[in-house]
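The values are calculated or read from the model by the stated rules, or taken from the named source; none is laboratory data. Only a predicted model underlies this, so the values are computations on that prediction, with no experimental measurement involved. Neighbour counts run over all protein chains shown; Cβ positions are idealised from the backbone, glycine included. For accessibility, only protein heavy atoms count, side chains too; no ligands or nucleic acids. Shrake-Rupley method; radii C 1.70, N 1.55, O 1.52, S 1.80 Å.
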Amino acid sequence: MSEIASNLFDEAFGYHRNGNFAQAIRLYQKCLEANAKNADAWHLLGLALYQSGQPENGAQNIRRAIELDPHRDLFHTNLATVLIALQQHQEAADAARQAIELNAKDGDAHHNLGVALLELGDALVAEEALQAAVHIQPTNAEFLNNLGIALNRRGMTEPAENAFRRALKADPTSATAAANRAEALASLGRNQEALALLQNQAAQAPNSAQLFRSMGKILMSEGRMIEAVNAFEKWLALAPEELGAKVALASAVSFAGDTVRAEVLINDVLRHEPDNPEMLHALGLIRQRQGSHDEAEALLMRVIKADPKRAQAYFDLIGATGRSLDGEILNGLKSLSKSSEKFGSVYTRAHYTLAHHFDHSGQFDHAAEYLRIANDARRAQLAKSGHTFDVGDHSRLIDRIVQSFTPALLANPPAMGSDSAVPVFVVGMPRSGTTLIDRIVATHTSGGGVGELTYMEAIAGKDPQSLTSLSGFRLRQIADDYIGLLKEHDNNAIRIVDKFPANFMHLGFIRLLFPNAYIIHCRRDVRDVGLSCYYHDFTNPVAWSRNLTDIGHYIIGYRRLMTHWRETIGGRFLEFEYESLVADPEICIKELIAFLDLPWDPVCLDFHQTSGEVHTASARQVREPINDRSISRWKNYQDLLAPMISVLDAEITR
């Protein structure tokens, strides 16, 4: 290299190092005019062009450097970086592999290979590459974060959470690592820990959109819709052009009860992208919840046309129409069930949907087979995410609850929370009729509903003994916070239903918090309940519902605990039989309203005609007059249900 060229190169490199890319580019080009065979100058010119927002020109110049000196691993590594930015992921993977071949200890090359493979959908090999990168640079936050992403995509949630935690330790300011770790914690059922992490991080980085995105998602999963709306509003304010922010906000606003605003948000996107499947799907679900099934059907058909691989749309189409699929739609779903990744989310959803299709068409043997495949796949997915059901652990938890909330304690508690009579807790097994009761009460002029709040479950945890020793001040604080959640949904109603079925686990604690609360226990033939649970892929991870033997054991635990509560909690407690409601709706509904100390309102008999939205899987059923179609449905699946029935029969004969 001539002295002039050398001086130009050194001067260019100085500007480059200080971030003055424009001046560095000008001087690198002058250097190359003096010596066109300077591979380092071509390489750094390409890198400076990439860093100044010209990745295509950058890649071209780095390739020129490689032509001159193909044995420099750094050239190949940086070419991979630029190609990833250009979304040329296969070429990026090839460049990264070439760099690794030249220098197996190049951590950046392994990292680039992992990132490229993630984009190409090969999470397994991507993880291997990222593990190698982390082995070389064990405290590199970016490497650790992307390793967590690879592990998460493979369904390995606990190792992913560990990787995100290590990334955050390496760089405590990383909003990306914090958001990813929080979502992993939420997948592991550690919502409160996740929210605390996000809130702390947001206090340090209030302009990070991804923190508020993750916060909103977790709050929404807990049923804390007003808070979720606030989080998504911040996300949208920080990223106004991001489609996902508008979709999330529209969904949360809709579930919070503000359908008018949700539709404004949705239509804002549809004006620019009329066939956007996300927004069409969101609007279709709004129409379904409103009971406008024909319009919901038309919208969902448009979703499938725009995105035939959107398995959830086929499922929701059956929910909107209440009938089986046919023709091209059915063929598309069958094709999707065969072509999608085995045990992936699309595969699982397609099989659940085919089970529902064949159930609606009366082909119960086919339905049973698809249902078995879907649940086996879903159970495997949940296990990878750390969600399993241990019969022994669950039985011991119930033992602790029974031992903690004794008849003596509940008859004469040392402290209590609120004397409010607003809360109405509707409990029981999932799929036992809780949504019906919610709609009946919400139809009353003095009634309201909040859907399914997981607040009590989050507070109660798995240490019931600690709940019995809470001070009166703490009990009142918890009770007041809960009342605040109810009032956010409906500030005028004097009876507000929380229909989270699993609150049956916490009735002793609920009675301490609200001695005047109304508790309604929904009872239904457990064989029908078990089948319905097995048929329903719950939004939240409900591990016991994916295996029929586990369902049987869970039902046994539920019945044991309800026997205990029946004998101990006292106060306002009503047993409500689903089958009795079907046999004589008027008598049962009048009994329900009288139990709630509300004046009789004849409109309650026509609850299925009300305009309020329904946000659970029972949305279509509660839009219809009460009927007996779901009674003894289990008889169509006796062979399938044999493992569950065997467990239940064994308990009865003990």
Keeping to segment 438-462, report how many residues are free of Cβ contacts under 8 Å to residues at least 60 places away in the same chain and more than 24 Å from the chain's Cα centre (by Cα). 1
So, in segment 390-419, of the ones that are of a type in the set (A, V, I, L, M, F, W, C), open to solvent by less than 40 Å² (accessible area, probe 1.4 Å) and not in a helix (DSSP H, G or I), which residue ends up modelled with the highest pLDDT? Phe405
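Among the listed residues Asn103, Asn152, Asn112, Asn146, which satisfies the condition of being farther than 23 Å from Glu341 by Cβ and buried (at least 20 other Cβ atoms within 10 Å of the Cβ)? Even if it seems obvious, please write down each step before you answer.
Details: Asn103 fails: buried (at least 20 other Cβ atoms within 10 Å of the Cβ); Asn152 fails: farther than 23 Å from Glu341 by Cβ; Asn146 fails: farther than 23 Å from Glu341 by Cβ.
It is Asn112.
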Criterion: under 34 Å from the mean Cα position of the chain (by Cα) and open to solvent by 30 Å² or more (accessible area, probe 1.4 Å) - qualifying residue of Arg559, Arg546, Arg572: Arg559
So how many residues does segment 257-296 have that are within 19 Å of the chain's Cα centre (by Cα) and touching a residue at least 60 places away in the same chain (Cβ under 8 Å)? 1
Would you call Ala594 modelled with pLDDT of 95 or more and either open to solvent by 50 Å² or more (accessible area, probe 1.4 Å) or of a type in the set (Val, Ile, Thr) (or both)? yes
Looking at segment 364-378, can you tell me whether even one residue there is at pLDDT 95 or above and surrounded by fewer than 14 Cβ atoms within 10 Å (Cβ to Cβ)? yes
Helices (runs of 4 or more DSSP H) contained in segment 286-353 and holding at least 1 residues of a type in the set (Lys, Arg) and touching an Asp or Glu at 6+ places or on another chain (Cβ under 8 Å): 293-306
Qualifying residues in segment 597-619 (those that are among the β-branched types (Val, Ile, Thr) and either closer than 20 Å to Val526 by Cα or within 35 Å of the chain's Cα centre (by Cα) (or both)) - the one modelled with the highest pLDDT: Thr610
Candidates Ser395, Ser404 - the one that is among the hydroxyl-bearing types (Ser, Thr, Tyr) and under 20 Å from Gly530 (Cα atoms): Ser395
Segment 37-93 - residue that is of a type in the set (Phe, Trp, Tyr) and either open to solvent by 40 Å² or more (accessible area, probe 1.4 Å) or at pLDDT 95 or above (or both) and, of those, nearest to Gly107 (Cα to Cα): Tyr50
Scan segment 186-240 for residues that are within 20 Å of Gly386 (Cα to Cα), open to solvent by 60 Å² or more (accessible area, probe 1.4 Å) and of a type in the set (D, E, K, R) and jot them down. Arg190, Glu193, Lys217
Restrict the check to segment 354-371 and report whether at least one residue is in contact (Cβ under 8 Å) with a residue 40 or more places away in the chain and farther than 22 Å from Asn547 by Cβ. yes
Boolean, Ser545 is of a type in the set (Ser, Thr, Tyr), more than 22 Å from Pro464 (Cβ to Cβ) and modelled with pLDDT under 95: no
Would you mind finding the one in Leu507, Leu486 that is more than 26 Å from Phe255 (Cα to Cα), touching a residue at least 60 places away in the same chain (Cβ under 8 Å) and open to solvent by less than 30 Å² (accessible area, probe 1.4 Å)? Leu507
Please verify whether Asp316 is closer than 30 Å to Arg439 by Cα, of a type in the set (Asp, Glu) and free of Cβ contacts under 8 Å to residues at least 12 places away in the same chain, treating the condition exactly as stated. no
Selected residue (only one of Gly189, Gly155 is farther than 18 Å from Glu119 by Cβ, touching a Phe, Trp or Tyr at 6+ places or on another chain (Cβ under 9 Å) and not in a helix (DSSP H, G or I)): Gly155
Restricting to segment 428-477, what's the tally of residues that are assigned to a helix (DSSP H, G or I), open to solvent by less than 20 Å² (accessible area, probe 1.4 Å) and of a type in the set (Gly, Ala, Ser)? 2
The lone condition Val622 fails out of (1) at pLDDT 90 or above; (2) buried (at least 16 other Cβ atoms within 10 Å of the Cβ); (3) not in a loop (DSSP other than H, G, I, E, B) is (1)
For segment 6-33, which positions are of a type in the set (Gly, Ala, Ser) and buried (at least 18 other Cβ atoms within 10 Å of the Cβ)? Ala12, Ala24
